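Input: a single structure, listed below in structure tokens.
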Amino acid sequence: MPSAATLIHGGTVLTGTGSRLDGADVLIVNGRIEAVGKNLRAPEGTTIIDAAGRWVTPGIVDIHSHLGVYPSPGLKGLSDGNELTSPVTSNVWAEHSIWPQDPGFEAALEGGVTTLEILPGSGNLIGGRSVVVKNVHATTYQAMKFPGAQQGLKMACGENPKRVYGSKGQAPSTLMGNVAGYRQAFADAQDYRRQWEKYDRELAEYQKKNSKDGAGSDGGDKKATPPSPPKRDLKLETLADVLKGDIRVQMHCYRGDQMATMLDVADEFGFKIVAFHHAVEAYKVADLLASKGVCAAMWADWWGFKVEAYDGIQENVAIVDAPAGSCAMLHSDSEDGIQRLNQEAAKAMSRGVRAGLDIPPERAIRWLTANPAKALGLEDRIGALEAGKNADVVIWNRNPFSVYALADEVFIDGAVAFDRAHPARKPPSDFLLGQPNEEELP
Amino acid sequence: MNAMNVQKASFLSVLALAGAISAANTASAQNSDRNGSNADAAADVLIRGAKVYTVSGRGTLENADVLVHAGKIAGVVQSGAAGLQIPAGARVVEAKGRPLTPGVFAGLTHIGIEEISAESSTVDANVDFKSPAWDQKWRPEFDVTLAYNSRSTLVPVMRIEGLTWTVLAPGAGDSIIAGQGAAVALDGTLEQGSRAVLDGSRSLFVKLGSESEKLTGGSRAAGYMLLDQAIGETRASGPVGQDALLHAAGRTALGRYLSGGRVIFEVERAADILEVLAFAERNHVKPVISGGSEGWLVAKALARAKVPVVLNSLQDLPSDFDRLSSRLDNAARLQRAGVLIAFSSGENHKAYSVRQLAGNAVAHGLPWDAALAAITANPAEIFGQGAVRGRIEKGQVADLVLWNGDPLEVTSAADQVWIGGRTIEMRSRQTELRDRYLRQAKAH
């Protein structure tokens, strides 16, 4: 997308770093934030946007989406989010299921979402690799992928895997079966990793020997043939990459006690759980999460749809946010919710304030921006309006913590991806093209 | 009658009533502002100095007093009028300009008939005999309100959010006639089942469109075929034979709706809506469209037929081929065309999101007052409650909510709720959990 130098002038700026600047400017040059502050001087030829009376925030980052893998319309032929054929499918990659024409992407863009993590579903203990995409209209998922972003690994606690496989008469059918499943998978991955490490050592030895001996040597070396590599196992390869720290574990987990169990499992095998998703009971273990440096992705007010969600409360996000070192996030897990994450944050913020916690908008905006950026390992590139970061910016028509707030303009890498005043410029999904959608009948 | 006269008449009635109450009460305890105890929950209440959204012809009264007596609204008057006496023994609530609205409609829900969605032992919302499509037995006599548990944990959760009543709607079973539902007040009193049902709200629920295909042998057209068969059985004078869809009780139940009874048709697609209008006219039922994602396309036809629509204003994606033309301004367009609309989120545990539906509809073109009406007076009208609830008007049931801000704003919350004049204790299982875990959060 074309990116012109742009000065967003005189808005109320929530930086995502915890600051609120009234009547401030955001300068975008070459797709990056050049500067944030008052009375910035713009280079010649800069497009100037008057943001007086409006609010400016970093682009929203949704760390839990199934857009593209469970798209609209919800047809059988397009439902590709859950590989429910084995409780461990760490070999599958969500990106290979994405339908880039999902109209949900542009609806999310209108809600200010500029980056999203698309994950496999939660029917398996280990569901597969996730992918981070920028919310740009594209014909292929490759064109949407966030350059250089790490993949994630979707894992799932609780009821879903044990229901899916228990009902087939397979393991797991209980929580203890779940945990045995994760542990065996990582034990196998440790073994697999050792095989490769052994091979790497032998190969290095072989290469060293051959290069030392040099061409034409007649040393009678017994190791004249190179070691043969272990057979690649795509399931274990993913898990080995987790053990190496190259893939970030994003774990669906509702109950606080199960989060504590999983932290023990992670410690046993030496990997890190970056975030618990759907963390309905995170408020019960807020201190534990903060002390371990684990993020929690939550809804504002979902509860009761299954027993592991029965203890959901509307102050969850605010309570998780309270301890020092916390990392609370709002996520959608929904093609509807992703369009209004600002409203979800507004609900969570106001419930916290009502309960006596001090949460100004400049703090709450982090739940949608800096914190999910951190959980994706992208805190150096997105999630804040700071010099050098990607120019992913939303101009809201008013305080975004309101049911009446709408995103007026959304920038991705400095380019205008959505402009409410010019809806015709919006690239429609191929699917929506030519659908009869405009004329009222007499 | 001009506004002054209305005001004066109401004011006088409050004074008259105040006298009556004084005679009946010797105690003069005045509790200012919120009081959560149950002991005096049914006492008379004077809510003083509120911004009163009457949702009636009187509009919004910037600074008004509302008197509640014997569970009903006894008067609505401008504040500050000289000579107003506080009825002895009445609880006085100082609103200090906060908004007061009628109790909010929770939508078509399973509140009290579904505790935990995924636990079938806690769900009584639908009847499914697992009969195959070719051997169906329909049960329009199924009355889901008999399962209503007023002590469900959902009831306090919803009512402290300002939701004071709901329509229990049977869920999908194995016939396109899901059964009968009705409105209940969320006061949580232990009036079980049919006794909790609000008079005049009983409705029959019919599911057409793509959702019904598995119940009709694969074609939505067969839905009408089967409905015609059932209606034929109902109207037949003699025995109906072994292949009948209905038992005798079912024929009686369905028959009650075939002379102007309220039937809720769950359909989304514009073409299906028009088909329902024709079907309803042919069979003398009073239709309500539930869903209606493509309603805006046929708004004029709906308005002409005076058929209301209960909708989710957040439905904007082409979720299936029945909803390809979903739009965020569906509500605004329907209202502009003159269709009576009400909001329902389709959610059970998140039924409180109905206010968010209303607020978003405003952001997409619906006038604010119309949005408030779509969660108060309009649903009351649609479900036969217009004369008794949905407005802040003398004689209406005292279902009231005092808010800490704009009632349609997601950052607002209910400060105090009254249902049938009873002061609701602002606690739920969720607030108990909150309070248990909040202490350590506040220590940070």
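Taking a ≥ b ≥ c as the square roots of the Cα gyration tensor eigenvalues, the range B:203-292 comes out oblate, since a/c reaches at least 1.5 and a/b does not exceed b/c. Rounded to the nearest 0.05, the FRET efficiency derived from the C-beta distance between A:ASP267 and B:THR122 at R0 = 45 Å is 0.80.
Other residues within the sphere of radius under 13 Å centred on the Cβ of A:ALA387, judged by their own Cβ, net out at -1 (K and R +1, D and E -1). Label chain A by shape, choosing from rounded, prolate and oblate, from the square roots a ≥ b ≥ c of the eigenvalues of the Cα gyration tensor; if a/c is under 1.5 it is rounded, and otherwise prolate applies when a/b is larger than b/c, oblate when it is not. Verdict is prolate for chain A.
Sites counted here are trypsin sites (Lys or Arg not before Pro) in a DSSP loop (not H, G, I, E or B) having no more than 13 other Cβ atoms within 10 Å; the longest part of chain A that contains none of them is A:233-442. Local charge sum around A:ILE412 (other residues, Cβ-Cβ under 10 Å, Lys/Arg +1, Asp/Glu -1)? Neighbourhood net charge equals -1. Backbone amide hydrogens, once placed in the peptide plane, bring A:LEU40 within less than 5 Å of A:ASP25, excluding anything fewer than 5 places away on its chain.
Quick one: of A:LYS168/B:LYS350; A:LYS76/A:LYS426; A:LYS198/A:LYS244, which pairs are farther than 21 Å apart, Cα to Cα?
In this structure, A:LYS168/B:LYS350; A:LYS76/A:LYS426 lie more than 21 Å apart at Cα.
Only alpha carbons enter this Debye calculation for the range B:104-388, each as an equal point scatterer, and the log10 of I(q)/I(0) it gives at q = 0.08, 0.09 Å⁻¹ is -0.31, -0.39.
FRET efficiency for the B:ALA221 to A:SER167 pair, using the beta carbon distance and R₀ = 30 Å, is estimated at 0.30.
Remark on B:GLY179: its backbone amide H falls under 5 Å from those of B:PHE205, a criterion applied only to residues 5 or more positions apart or on other chains, H modelled at 1.01 Å from N.
Since only A:ALA204, A:MET155, A:VAL26 are under comparison, the one whose Cα sits farthest along the positive direction of the charge dipole of chain A, derived from C-beta charges on Lys, Arg, Asp and Glu, is A:ALA204. Here the relative contact order of the range A:93-209, from alpha carbon pairs under 8 Å that lie six or more residues apart, stands at 20 percent.
Each Lys and Arg adds +1 at its Cβ and each Asp and Glu adds -1 at its Cβ; summed about the Cα centre, chain A shows a dipole of about 980 debye.
The modelled label-to-label distance between A:ASP22 and B:ARG256, using points 7 Å beyond Cα along the C-beta direction, is 6.1 nm. Normalised by the number of residues in chain A, the average gap of Cα pairs under 8 Å and 6 or more apart makes the relative contact order 21 percent. Fewest-first ordering of A:THR140, A:THR114, B:THR54 by other beta carbons within 10 Å of each residue's beta carbon gives A:THR140, B:THR54, A:THR114. The mean sequence separation of alpha-carbon pairs under 8 Å and at least six residues apart, normalised by the residue count of chain B, gives a relative contact order of 18 percent. Estimated from helices alone, the mean residue ellipticity of the protein assembly as shown at 222 nm is -8000 deg cm²/dmol (sum of -39500 (n - 2.57) over DSSP H runs with n ≥ 4, per residue). Extents of the range B:314-400, taken as max minus min of Cα coordinates on every principal axis and listed largest first, are 45, 31, 22 Å. Taking chain B as the reference, fit the longest principal axis to its C-alpha atoms, fit the long axis of helix B:429-442 to the helix C-alpha atoms, and give the angle between the two in degrees, 0 to 90, nearest 10. Helix B:429-442 and the main axis of chain B meet at about 60 degrees. If R0 equals 41 Å, the separation of the Cβ atoms of B:ARG436 and A:HIS96 corresponds to a calculated FRET efficiency of about 0.40.
What is the protein assembly as shown by shape, rounded, prolate or oblate, if you read a ≥ b ≥ c off the alpha carbon gyration tensor as root eigenvalues and call it rounded for a/c under 1.5, prolate for a/b larger than b/c, and oblate otherwise? It comes out prolate by the Cα gyration axes. Under 5 Å between amide hydrogens, built in the peptide plane, is the criterion, and for B:ASP415 it picks out B:LEU402, B:TRP403, B:ASN404 among residues at least 5 positions away or on other chains.
Readers should treat all values here as calculations from the given coordinates under stated rules, not as data from a laboratory. Please read all numbers here as calculations on a predicted model, not as lab measurements. Positions of Cβ are backbone-derived with ideal geometry, glycine not excepted, and every protein chain shown enters the neighbour counts.
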